[in-house]
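Report on one structure; see the data block that follows.
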Amino acid sequence: MDGMQSDVNVDFFRDDIRPLIVRSLRRSNVRKKIAEYLFDISPSGSYTSDIAYNVKTTPTNVLGAIRGMSSRYREDESLINLKIVELVEDNSNIKIYKLTDFGREIIQTMKKL
């Protein structure tokens with residue numbers, strides 16, 4: 001029963017946070033472009049400077065959108081906090097960001113609209 005309860009909690013979380021995610025992506029063109037770029041290269045991920053190059057912004061803006069940074073990119077609306085993007089670190093200390101399954105679902109839904 002614990003596994004079933006866990007699935008219900010995840011579904012509730014996802015339904016509960018969807019409006020915040022849509023609002024967050026609409027408020028920030030950088031967040032939206034990053035999510036769409038990671039969707040396009042999914043299931044692969046990318047590192048900060050490569051993302052910045054492909055969405056035509058600075059690495060600082062990429063980090064702000066992904067992780068949050070002061071008042072410009074609120075942490076509670078960051079792509080990681082919204083469970084859209086995840087950080088994958090390997091043994092060489094390189095930080096790769098990739099879209100989560102939930103993030104793919106969100107972007108796919110938004111592209112249909």
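Worth pointing out:
- The Cβ shell under 15 Å around Tyr47 holds other residues with a net charge of -1, Lys and Arg each +1, Asp and Glu each -1.
- Max mean-square fluctuation residue, GNM over the chain, Cα-Cα springs under 10 Å, options Ser44, Ser78, Ser70: Ser70
- Nearest-0.05 FRET efficiency for Ile94 and Asn29, computed from C-beta distance (R0 41 Å): 0.95
- Overall form of the chain: prolate. Here a/c, set by the Cα gyration tensor axes a ≥ b ≥ c, is 1.5 or more, and a/b is the larger of a/b and b/c.
- Note on Leu20 and Ser71: their simple-model spin labels are 2.1 nm apart, each label 7 Å out from Cα toward Cβ.
All of the numbers you see were taken from the coordinates with simple rules; none came from a lab. Every value quoted in this text rests on a predicted model; they were computed, and no experiment measured them. Here the Cβ is made from the backbone with ideal geometry for all residues, glycine too, and neighbour counts use every protein chain on show.
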